[in-house]
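K.L.:
After the structure tokens below, expect a handful of questions from me.
The values are calculated or read from the model by the stated rules, or taken from the named source; none is laboratory data. These figures come from a predicted structure and were not determined experimentally. In this analysis, Cβ positions are derived from the backbone assuming ideal geometry, glycine residues included, and neighbour counts consider all displayed protein chains. For the accessible areas, the whole protein counts, side chains as well, though only heavy atoms, and no ligand, DNA or RNA atoms are used. Shrake-Rupley method; radii C 1.70, N 1.55, O 1.52, S 1.80 Å.
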Amino acid sequence: MSQTQRDTWTTRVGFILAAVGSAVGLGNVWQFPFQTGANGGAAFIVVYLVAVFLIGFPAMLAEFVVGRRAERNPIDAFVRLGHRNWRIVGVLGTISAFWILSFYSVVGGWVIRYILGSARGSYFSGSEAYFGSISAGPEAIFFHAVFMALVIGVVAFGISGGIERSTKLMVPSIVLLLGGLAVWASTLDGGAAGYVYYLSPDVSALRANIWTILPAAVGQAFFTLSLGMGAMITYASYLGRDDSLPADGATIVVLNTLVGLLAGLVVFPILFSLGVEPGSGGLGAAFITLAGAFAQLPGGRILGVAFFVVLLLAALSSAISLLEVVTSYLADNTDVSRPRIAVGLGAAIFALGIPSAFGLSILGWYNAIAYNLLLPLSVLCLLLFVGWVDAGDAVTELRRGTGLSESSALAWLWFVRTIVPLGVLVTLLLGLQTLAVDAGLLANPVV
Ligand code: PFF
């Protein structure tokens with residue numbers, strides 16, 4: 001193991017903002033509003049909030065507990081805690097981070113392309129054709145490389161000098177820009193119909209599709225909170241201090257949720273003021289539907305630039321947490337310098353992502369593997385470890401630096417042992433079913 005001193009966050013706010021930066025990403029600004037619109041509006045938000053607070057939040061604390069106690073990367077953390085065999089959980093998380101970043105970066109590349117395209121009005125004459133032309137092929141690969149270079153640039157500077165410093169700028173900028181866009185969107189004629197669509201509960205839509213919506217809400221809760229990829233274990237491993245994990249976790253979860261809600265307040269008034277159907281979301285939602293709307297609005301270029309800058313900052317601050325997961329393993333275990341590790345790993349992840357820059361169906365396949373298999377499996381294993389193997393020490397760690405009563409900590413443990421893994425298990429089984437149907441192994445879904 002390398003003998004060099006490990007870097008740490010310089011302030012509590014620094015850690016919180018870095019974790020919020022990881023959590024707030026494409027999932028909030030692009031996926032969440034459309035998922036809400038398509039699944040019953042406010043009724044879906046209620047289900048989602050329950051999933052975030054009852055399942056995502058306890059799981060996040062489980063990752064924090066492991067990370068802070070071990071002060072190591074996700075793989076060595078389990079060895080340090082005295083459970084060598086369980087390092088497979090860390091391996092799974094680290095592989096997931098590697099895998100997800102490879103195609104997340106391709107989408108990040110599109111976003112950079114769209115900032116330039118908005119400034120020039122390149123997609124104004126046909127947003128669908130434009131998306132088709134830049135989302136796959138050499139141009140997509142080039143911007144995938146640019147995005148990855150930015151991510152490497154931040155991670156190379158380390159925790160306090162790179163990630164903390166940059167996310168302290170990025171996260172407030174995201175909130176300010178998005179807030180400004182929401183205020184502007186509220187002034188649009190006909191935009192009010194967007195709020196109705198977004199925020200009025202449609203309980204019958206929810207009830208009719210509850211078995212697809214429930215796992216979608218749980219899956220989205222994990223994805224948006226950056227769980228299952230070792231990111232929160234890694235970030236907590238640099239804490240080196242005794243702040244309250246539940247308080248920090250709650251702040252992160254609330255801020256992340258508010259950014260998602262705010263994004264909806266931007267997207268829907270814009271679409272409805274132009275009479276555009278939001279559709280069911282998916283890859284085209286931001287890049288075709290919304291971009292098409294910018295093309296028709298006065299000041300559309302500036303709007304487009306502002307929106308896609310928000311999307312870029314959100315994607316970037318999430319992507320750096322993924323590269324940090326993998327980087328931390330080599331930084332903890334070798335004497336190779338951090339910048340070299342970041343460049344080497346970044347290049348390998350870039351190479352892995354290249355196939356997904358050749359076509360949307362390949363990218364969708366990468367995503368399906370991550371979402372339906374890697375993520376829930378990795379979270380499930382972590383929960384079993386914290387809840388059943390490491391329970392006593394985990395409870396003590398959770399209470400460190402807090403006035404948390406023993407009974408509250410035990411309530412958390414009870415959640416981590418039962419409800420949360422059960423929720424994840426159902427999500428995993430349904431996810432496997434989706435994969436089986438897609439692969440043609442199963443003709444129709446069983447549930
Ligand atoms: N939370 C990010 C989003 O909502 O887009 C995605 C993500 C980032 C997931 C980092 C996992 C992770 F480790």
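K.L.:
Run P201 past the list (1) more than 14 Å from the ligand (Cβ to nearest atom); (2) surrounded by 14 or more Cβ atoms within 10 Å (Cβ to Cβ); (3) modelled with pLDDT under 90; (4) assigned to a helix (DSSP H, G or I) and report the number of the one that doesn't hold.
P.N.:
(4)
K.L.:
Would you mind telling me which numbered condition in (1) surrounded by fewer than 19 Cβ atoms within 10 Å (Cβ to Cβ); (2) at pLDDT 95 or above V386 fails?
P.N.:
Among (1) surrounded by fewer than 19 Cβ atoms within 10 Å (Cβ to Cβ); (2) at pLDDT 95 or above, the lone unmet condition for V386 is (1).
K.L.:
For the stretch 86-126: of the residues being surrounded by fewer than 22 Cβ atoms within 10 Å (Cβ to Cβ) and among the polar types (S, T, N, Q), which is farthest from the ligand (Cβ to nearest atom)?
P.N.:
Ranking the candidates gives S125 first.
K.L.:
Give the residues of the stretch 224-242 that are surrounded by 24 or more Cβ atoms within 10 Å (Cβ to Cβ) and not β-branched (V, I, T), sorted by residue number.
P.N.:
First, pick out the residues of the stretch 224-242 that are surrounded by 24 or more Cβ atoms within 10 Å (Cβ to Cβ): 224-238.
Passing the criteria: L225, S226, L227, G228, M229, G230, A231, M232, Y235, A236, S237, Y238.
K.L.:
May I pose another question? If you go through the stretch 146-165 one residue at a time, how many are open to solvent by 40 Å² or more (accessible area, probe 1.4 Å) and either touching a strand residue (DSSP E or B) at 6+ places or on another chain (Cβ under 9 Å) or in a helix (DSSP H, G or I) (or both)? First the steps, then the outcome.
P.N.:
The initial filter retains those residues of the stretch 146-165 that are open to solvent by 40 Å² or more (accessible area, probe 1.4 Å), namely 146, 149-150, 157, 165.
Now narrow it down to the ones that are either touching a strand residue (DSSP E or B) at 6+ places or on another chain (Cβ under 9 Å) or in a helix (DSSP H, G or I) (or both): 146, 149-150, 165.
Total satisfying the criteria: 4.
K.L.:
Oh, and also: Please go through the stretch 352-368 and pick out each residue that is touching a helix residue (DSSP H, G or I) at 6+ places or on another chain (Cβ under 7 Å) and either aromatic (F, W, Y) or under 18 Å from G431 (Cβ atoms) (or both).
P.N.:
Start the filter on the stretch 352-368 by keeping residues that are touching a helix residue (DSSP H, G or I) at 6+ places or on another chain (Cβ under 7 Å), which leaves 352-357, 362-363, 366-368.
The answer is L363, Y366, N367, A368.
K.L.:
From the list A394, A370, exactly one residue is more than 30 Å from S105 (Cβ to Cβ), of a type in the set (A, V, I, L, M, F, W, C) and either surrounded by 17 or more Cβ atoms within 10 Å (Cβ to Cβ) or free of Cβ contacts under 8 Å to residues at least 24 places away in the same chain (or both). Which is it? Step through it out loud before you land on a result.
P.N.:
Details: A370 fails: more than 30 Å from S105 (Cβ to Cβ).
After ruling out the rest, the residue left standing is A394.
K.L.:
OK, next. Can you name every residue in the stretch 206-226 that is within 7 Å of the ligand (Cβ to nearest atom) and hydrophobic (A, V, I, L, M, F, W, C)?
P.N.:
Initially, the stretch 206-226 is screened for residues within 7 Å of the ligand (Cβ to nearest atom), giving 223-226.
Of everything in the stretch 206-226, those that are within 7 Å of the ligand (Cβ to nearest atom) and hydrophobic (A, V, I, L, M, F, W, C) turn out to be F223, L225.
K.L.:
How do the helices (runs of 4 or more DSSP H) wholly within the stretch 1-85 filter down when requiring 2 or more residues that are more than 15 Å from the ligand (Cβ to nearest atom) and open to solvent by 30 Å² or more (accessible area, probe 1.4 Å): which remain? So that I can check it myself, show each step before the final result.
P.N.:
Numbers: elements: 12-23, 32-38, 42-50, 57-70, 74-80.
Helices (runs of 4 or more DSSP H) meeting the threshold: 12-23, 42-50, 74-80.
K.L.:
For the stretch 238-261, how many residues meet the condition of being touching a helix residue (DSSP H, G or I) at 6+ places or on another chain (Cβ under 8 Å) and within 14 Å of the ligand (Cβ to nearest atom)? Before you say what the answer is, go through the steps one by one.
P.N.:
First, the residues of the stretch 238-261 that are touching a helix residue (DSSP H, G or I) at 6+ places or on another chain (Cβ under 8 Å): 238-239, 241, 243, 245-246, 248-253, 255-257, 259-261.
Those left that are additionally within 14 Å of the ligand (Cβ to nearest atom): 252-253, 255-257, 259-261.
Residues meeting the conditions: 8.
K.L.:
So which residues in the stretch 204-239 are among the small types (G, A, S) and not in a loop (DSSP other than H, G, I, E, B)?
P.N.:
Here is the first cut: in the stretch 204-239, the ones among the small types (G, A, S) are 204-205, 208, 216-217, 219, 221, 226, 228, 230-231, 236-237.
S204, A205, A208, A216, A217, G219, A221, A231, A236, S237, listed by residue number.
K.L.:
What residue, among those in the stretch 286-315 that are without any contact (Cβ under 8 Å) to a residue 24 or more places away in the chain and not in a helix (DSSP H, G or I), is most open to solvent (accessible area, probe 1.4 Å)?
P.N.:
Among residues in the stretch 286-315 that are without any contact (Cβ under 8 Å) to a residue 24 or more places away in the chain and not in a helix (DSSP H, G or I), the one most open to solvent (accessible area, probe 1.4 Å) is P298.
K.L.:
Considering only the stretch 127-143, state which residues are open to solvent by 30 Å² or more (accessible area, probe 1.4 Å), touching a Gly at 6+ places or on another chain (Cβ under 9 Å) and without any contact (Cβ under 8 Å) to a residue 40 or more places away in the chain.
P.N.:
Of everything in the stretch 127-143, those that are open to solvent by 30 Å² or more (accessible area, probe 1.4 Å), touching a Gly at 6+ places or on another chain (Cβ under 9 Å) and without any contact (Cβ under 8 Å) to a residue 40 or more places away in the chain turn out to be E139, F142.
K.L.:
Name the pairs: first residue in the stretch 316-340 and more than 15 Å from T8 (Cα to Cα) and among the charged types (D, E, K, R), second residue away from the ligand (no atom under 12 Å from the Cβ) and open to solvent by less than 20 Å² (accessible area, probe 1.4 Å), Cβ to Cβ under 8 Å, at least 6 apart or on different chains?
P.N.:
Filtered contacts from the stretch 316-340: D335/S2.
K.L.:
Can you tell me which of (1) in a loop (DSSP other than H, G, I, E, B); (2) open to solvent by 40 Å² or more (accessible area, probe 1.4 Å) is the one L330 doesn't meet?
P.N.:
(1)
K.L.:
If you check S318 against the conditions, is it within 15 Å of the ligand (Cβ to nearest atom), under 22 Å from R165 (Cα atoms) and of a type in the set (G, A, S)? Please lay out each step first, then the result.
P.N.:
On the way: within 15 Å of the ligand (Cβ to nearest atom): yes; under 22 Å from R165 (Cα atoms): yes; of a type in the set (G, A, S): yes.
Yes: the conditions hold for S318.
K.L.:
Looking at the stretch 355-369, is at least one residue within 16 Å of the ligand (Cβ to nearest atom), at pLDDT below 95, of a type in the set (A, V, I, L, M, F, W, C) and closer than 23 Å to F64 by Cβ?
P.N.:
no
K.L.:
Quick check: anything in the stretch 359-367 assigned to a helix (DSSP H, G or I), among the small types (G, A, S), open to solvent by less than 40 Å² (accessible area, probe 1.4 Å) and closer than 27 Å to V171 by Cα?
P.N.:
Applying the first criterion (assigned to a helix (DSSP H, G or I)) to the stretch 359-367 yields 360-367.
Okay, now just the ones that are also among the small types (G, A, S), so 361, 364.
Within this subset, residues satisfying the condition of being open to solvent by less than 40 Å² (accessible area, probe 1.4 Å) are 364.
With closer than 27 Å to V171 by Cα added as a condition, the list becomes none.
Scanning the stretch 359-367, I find no residue that is assigned to a helix (DSSP H, G or I), among the small types (G, A, S), open to solvent by less than 40 Å² (accessible area, probe 1.4 Å) and closer than 27 Å to V171 by Cα, so the answer is no.
K.L.:
To continue, here is another question. With V276, V254 as the choices, which residue is free of Cβ contacts under 8 Å to residues at least 40 places away in the same chain, closer than 23 Å to I320 by Cβ and surrounded by fewer than 18 Cβ atoms within 10 Å (Cβ to Cβ)?
P.N.:
From the options V276, V254, the qualifying one is V254.
K.L.:
Pairs needed: first member in the stretch 223-245, under 18 Å from V13 (Cα atoms) and of a type outside the set (F, W, Y); second member anywhere, near the ligand (Cβ under 9 Å from one of its atoms) and in a loop (DSSP other than H, G, I, E, B); C-beta distance under 7 Å; at least 6 residues apart or different chains.
P.N.:
Close Cβ pairs satisfying both conditions: M232/S226.
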